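Notes follow once the structure below has been shown.
The values are calculated or read from the model by the stated rules, or taken from the named source; none is laboratory data. Here the structure is a predicted model, which means the values were calculated and not measured. All Cβ positions, even for glycine, are placed from backbone atoms using ideal geometry, and neighbour counts span all protein chains on display. Accessible surface is based on the protein model in full, side chains and every heavy atom, while ligands, DNA and RNA are left aside. Shrake-Rupley method; radii C 1.70, N 1.55, O 1.52, S 1.80 Å.
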Amino acid sequence: MQPEDVLRDIGDVMDKTVNSVVIIGAGQSGLAAARAALDAELRPVVLEAGDRPQGSWPRYYDSLRTFSPRRFNSFPGAVFPGDPDGYPSRDEVAAHLERYASSLDIEIRTHTRAETVDRVGEGFVVRTAGGETIPAAGVVAASGSFGHPFTPDLPGRETFVGDVLHVADYRNPTSFAGRRVVVVGGGNSAVQVGFELGQVARTTLATRDPLLFVDQRPDGRDLHHVLRESGFDDLPPAWLAHVISGVPVLDTGIYREGLAAGVFDRRPMFTEIDGDAIVWADGRREQVDVIVFATGYRPNLGYLQASGALDSTGAPIHSGGVSATHPGLVYLGLEFQRSFSSNTLRGVHRDARYVMSVLAAHVRGAASALVGAGTGTGERPVS
């Protein structure tokens with residue numbers, strides 16, 4: 001496709017009564033973006049690399065449940081079914097997302113992975129791994145982070161002869177029975193997986209700081225009720241550093257009891273990996289069979305790598321989810337994007353409404369400019 005053809009197609013997209021935006025990802029963030037796009041009278045086209053509009057939920061570990069009750073996880077116009085105070089499973093969330101997707105009047109293209117996003121004139125061109133070229137008036141990067149797990153580069157890691165995996169690849173404890181396992185990390189996933197592995201294997205959590213347990217049900221009500229009613233969920237990211245110290249682990253008491261009972265133990269982070277062993281902070285060397293990294297994720301934005309929209313670490317350059325480098329590009333589902341709950345089921349819809357209002361204003365402004373210049377009225381731009 002020639003550049004002038006791309007510009008003409010983008011102009012045609014912008015000049016439609018219902019303007020088109022491309023949303024990359026059909027998980028919770030992408031579907032929240034699609035609903036907000038419809039509310040803003042935009043026509044979304046959603047690209048999903050997987051085979052169903054469920055995001056990364058089907059690929060999480062088998063025993064995962066949400067950290068917030070069903071009553072907080074409903075989508076606009078779609079109440080999460082079941083006990084409002086219960087915690088839905090991985091599969092329940094995946095099914096809820098798929099039901100929600102089917103209820104929206106949107107085009108979702110599964111098995112369609114975004115390869116690159118290029119700025120062309122006042123719009124964009126999204127190129128897919130399958131060779132498609134899709135013109136867009138605006139782009140929503142809602143591809144989450146599960147596809148980009150972070151593993152720290154630890155001294156001697158390349159010498160380790162045991163098994164190494166990230167928690168993204170962990171499913172259940174069956175294959176770990178009777179082995180010596182070290183889980184690196186001190187967040188919710190690390191503690192949950194460490195506790196689960198401790199039922200079948202000798203398991204240690206290696207962390208840089210002591211575990212910070214937070215009561216999940218203070219006074220008999222879920223903590224998320226307090227977060228919502230107190231306004232904590234609405235605090236901007238700049239304030240969060242003043243009120244959050246360490247990585248909180250939500251706990252009903254089961255994990256603290258498990259730690260006290262020796263189901264798993266916690267030790268300061270080891271200093272080195274050496275062949276079939278690790279070297280603990282006190283200098284003691286211990287043979288281990290498996291190292292599981294529960295060390296988080298980074299935004300999965302490889303399709304923007306060459307666009308200039310990311311910094312040197314691959315993180316988006318943005319303010320509140322609105323690109324600071326590319327007008328018409330917005331993000332959704334980033335950690336602490338606009339608040340504590342930005343990348344959660346309960347918080348993503350608020351961010352979606354905000355970024356889509358910004359995107360809608362840009363798309364309509366750009367459409368007016370293109371129409372005034374003759375592009376989008378059926379005329380070809382001068383080559």
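Using the Cβ-Cβ distance between N172 and E229 with R0 set to 25 Å, the FRET efficiency works out to roughly 0.10.
One Cα centroid belongs to the range 207-233, the other to the range 260-290; the line between them spans 30 Å. Rounded, prolate or oblate: which one fits the range 142-211, using the alpha carbon gyration tensor with axes a ≥ b ≥ c (rounded when a/c is under 1.5, else prolate when a/b beats b/c, else oblate)? Here the range 142-211 falls in the rounded category. Can you figure out the FRET efficiency of T110 with R208, using R₀ = 35 Å and their beta-carbon distance, to the nearest 0.05? E(calc), rounded to 0.05, equals 0.30.
Across the range 57-62, computed HN-Hα scalar couplings (Karplus, 6.51 cos²θ - 1.76 cosθ + 1.60, θ = phi - 60°) run 4, x, 9, 6, 5, 4 Hz from first to last residue, x flagging Gly and Pro.
When a 1.4 Å probe is rolled over the protein heavy atoms, the share of accessible surface on the chain that falls to carbon and sulfur comes to 50 percent. The trypsin sites (Lys or Arg not before Pro) of the range 151-235 that meet both conditions, a loop assignment by DSSP and at most 15 other Cβ atoms within 10 Å of the site Cβ, are R171, R208, R221. Given that just one value was derived from the coordinates, which of (i) 42, 24, 18; (ii) 36, 23, 20; (iii) 49, 35, 17 is semi-axes √(5λ) of the Cα gyration tensor in Å? Among (i) 42, 24, 18; (ii) 36, 23, 20; (iii) 49, 35, 17, the one derived from this structure is (i). A cut-off of 5 Å between modelled amide H atoms, ignoring neighbours fewer than 5 places along the same chain, links H318 with A324.
R43 contributes about 80 Å² of solvent-accessible surface, heavy atoms of the protein only, 1.4 Å probe. Charged neighbours of V263, selected by a Cβ distance under 11 Å, balance to -1 (K, R count +1; D, E count -1). Taking a span of 15 Å or more along the helix axis (Cα atoms) and a mean Kyte-Doolittle hydropathy of at least 0.0 as the rule, the DSSP H helices of the chain that qualify are 28-39, 348-373. Rolling a 1.4 Å probe over the heavy atoms of the protein chains gives the chain an accessible area of 45 Å² per residue.
Taking label points 7 Å from Cα along the Cα-to-Cβ direction, E158 and D83 give a separation of 5.2 nm. At full extension, D311 and S357 could sit 14.1 nm farther apart than now, given 0.36 nm per residue minus the alpha carbon distance. Loop-located trypsin sites (Lys or Arg not before Pro) in the range 251-353 (DSSP state not H, G, I, E or B) with no more than 12 neighbouring Cβ atoms inside 10 Å: R284.
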